[in-house]
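Report on the structure given below.
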Amino acid sequence: MFESIKTLIPNLLENERPRTTANGQASWLATAALLTRVATVHDEMSEGRRKKLYVLLKSAFELDDLTTARLIEQSAAVDRNAIDLYHFTRKLSEVLDDEGRYQTVRMMWEIVYADGKPNEFEANIIWRAADLLGVSSRQRVALRQLVLADNAALARVGVGRPQSPADLPL
């Protein structure tokens, strides 16, 4: 009886916490696979995108280097076998609150801006994934602008890849 009570209390507390990051390996894998799909929708993953994916996943889920590398390997395999985005977004919608879904869309923008301006395929896949996650068009565009502003600020202080004004969309 005491065991069931000890199990129930953490479960109740877990439900009270905001769900801004995916908890558990299956959710991490869904996030990583979605980001991998975004990074490779038009071409092979560039080195810049691979590095950004690594940094985002390691930071978001507080993983060590080995676990992050394995997660990226697994996400590539899952992405290769996936038919559509629904499998990933459904899983994430189940475990994330609004802020968590916004952060996921923001990570998608960070991936595509890691090595330049996104093309129409990349913008379209983010639009579709954001829609499936329940992130409105207005919120999606605002998140894109936040990523652009962050990148511009980093470029001004000399961190990361320098950008010219021509690289930034209006």
From largest accessible area down, sort Asp79, Asp84; use a 1.4 Å probe on the protein chains.
Asp84, Asp79
Output ³J(HN,Hα) for segment 89-104: one whole-Hz value per residue in order, computed from phi by the Karplus curve 6.51 cos²θ - 1.76 cosθ + 1.60 with θ = phi - 60°, and x for Gly and Pro.
5, 4, 4, 5, 4, 5, 10, 9, 8, 4, 4, x, 5, 4, 5, 5
Per-residue ³J(HN,Hα) for segment 63-74, Karplus 6.51 cos²θ - 1.76 cosθ + 1.60, θ = phi - 60°, Hz, x for Gly and Pro
9, 7, 4, 5, 5, 5, 4, 5, 4, 5, 4, 5
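The values are calculated or read from the model by the stated rules, or taken from the named source; none is laboratory data. These numbers come from a predicted model, not from an experiment. For the accessible areas, the whole protein counts, side chains as well, though only heavy atoms, and no ligand, DNA or RNA atoms are used. Shrake-Rupley method; radii C 1.70, N 1.55, O 1.52, S 1.80 Å.
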